[in-house]
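These notes concern the structure reproduced below.
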Amino acid sequence: MRLADPIALALLAAIPLLLFLRGRMARGGSGAYSDLGLLAGMRPTWRVRFRWLPTAFGAIALALLVVALARPQRGQAETQLPGQGIDVVLVLDTSSSMSASMGSGGNRLEVTQKVIQDFIKGRKEDRVGLVIFRESSLVLSPMTLDYEALGELVGRVEEVNLPDGTAIGVGLSDALNVLRDSRARSRVVILLTDGENNSGNIEPLTAARLAETLGIRVYTIGAVDSRSRRGGQQNVDEKALTEMARLTGGQYYAADSEETLDEVYKSIEKLEKSRVGRTQFGAYDEYAVYLLVAALAALGIELALRSTLWRQST
């Protein structure tokens, strides 16, 4: 249950004031109970004891009208509406340098494969694609909900024979082509590399500007060597990766172990879920009409009571 216009409930605060003013106006004229002193020493009748009843029905009618203005709604069965959810393309560097060790969990490629497979297993309704790159790039999987098959592909990326190199810009461009016709509310590229762009005819920042134009966010991950970073040397062009992410509204992350890489993918997942928002419903049942009928009924009862049992003489 939700209220389409909850701000209308502020009008509830005006009801006591309206009743007060109405009572003052009623006491200002003559009526059946204008002089209650006549009842002194007499046992009050039930009409006197319940003379507040018409006013109560009037207050109920006003309150129901205000709640009707707020438009209470209940969502019908949850539906996956077109253009909603998350479409994500995973872009993975499989160049020879990814065979370097990464913490105690194995080499960079093996660690990345495991973390990405865990990330894919955690999907429910998000479509996921896969692009790998070396000197050139290759779309291994278009957008799919077949997470099992996609996970198997991730585990076999080293079997794809591409010339060695690091074509970051080309890899990102192919990912953008995969997402170009997507109608998802959130379109994302998660690109991981452990080197600098040294191949291909598309510069990484050129591809990032294209992503910005298409409204696609790019999250970049650098598989870094922590010892080299401490020594002032970097195997990753972190400046370029940071700028790519900044241009598209994404973020750059550095990862030097399986644990930190796993946290990076979880952080990206949380960010994108927060952007998509709450579960949506295909349609809503409106309850305002029932409240309006109830308000009219309460108003009718008030008028009936004031014109019969609590009729005031003039």
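The values are calculated or read from the model by the stated rules, or taken from the named source; none is laboratory data. Owing to the predicted nature of the structure, the values given are computational and were not obtained by experimental measurement. Every residue, glycine as well, gets a Cβ built from its backbone with ideal geometry; the counts of neighbours run over all protein chains shown.
Evaluate segment 186-193: report whether one residue or more is more than 30 Å from the chain's Cα centre (by Cα) and modelled with pLDDT under 95.
No: zero hits.
State all residues of segment 110-130 that are closer than 22 Å to residue 235 by Cα and either assigned to a strand (DSSP E or B) or over 32 Å from the mean Cα position of the chain (by Cα) (or both); if no residue qualifies, say none.
If the condition is that a residue be closer than 22 Å to residue 235 by Cα and either assigned to a strand (DSSP E or B) or over 32 Å from the mean Cα position of the chain (by Cα) (or both), then 110 is the only one that fits.
Scan segment 160-171 and tell me whether some residue there is out of contact with any strand residue (DSSP E or B) (no Cβ under 7 Å at 6 or more places or on another chain), crowded, with 23+ Cβ neighbours inside 10 Å and assigned by TED's automatic domain parsing to the domain that holds residue 111.
To start, the set of residues in segment 160-171 that are out of contact with any strand residue (DSSP E or B) (no Cβ under 7 Å at 6 or more places or on another chain) comprises 161, 163-165, 169.
Then keep just the ones that are crowded, with 23+ Cβ neighbours inside 10 Å; that gives 169.
Remaining after also requiring assigned by TED's automatic domain parsing to the domain that holds residue 111: 169.
Among the residues of segment 160-171, at least one is out of contact with any strand residue (DSSP E or B) (no Cβ under 7 Å at 6 or more places or on another chain), crowded, with 23+ Cβ neighbours inside 10 Å and assigned by TED's automatic domain parsing to the domain that holds residue 111, which makes the answer yes.
Being β-branched (Val, Ile, Thr), within 14 Å of residue 221 (Cα to Cα) and either part of a helix (DSSP H, G or I) or touching a Ser or Thr at 6+ places or on another chain (Cβ under 7 Å) (or both) is the filter here, so list the residues in segment 153-198 that pass it.
168, 193
Restricting attention to segment 38-48, does a residue exist that is outside any loop (DSSP other than H, G, I, E, B), touching a Gly at 6+ places or on another chain (Cβ under 9 Å) and either modelled with pLDDT under 85 or over 28 Å from residue 271 (Cβ atoms) (or both)? Don't jump to the end; show me each part of the working.
Quick first cut of segment 38-48, residues outside any loop (DSSP other than H, G, I, E, B) only: 38-39, 46-48.
Then keep just the ones that are touching a Gly at 6+ places or on another chain (Cβ under 9 Å); that gives none.
Among the residues of segment 38-48, not one is outside any loop (DSSP other than H, G, I, E, B), touching a Gly at 6+ places or on another chain (Cβ under 9 Å) and either modelled with pLDDT under 85 or over 28 Å from residue 271 (Cβ atoms) (or both), which makes the answer no.
Take residues that are at pLDDT below 85 and within 36 Å of the chain's Cα centre (by Cα) and tell me which of the helices (runs of 4 or more DSSP H) falling wholly in segment 217-314 contain 1 or more.
Counting at least 1 such residues, we get 226-230, 258-276.
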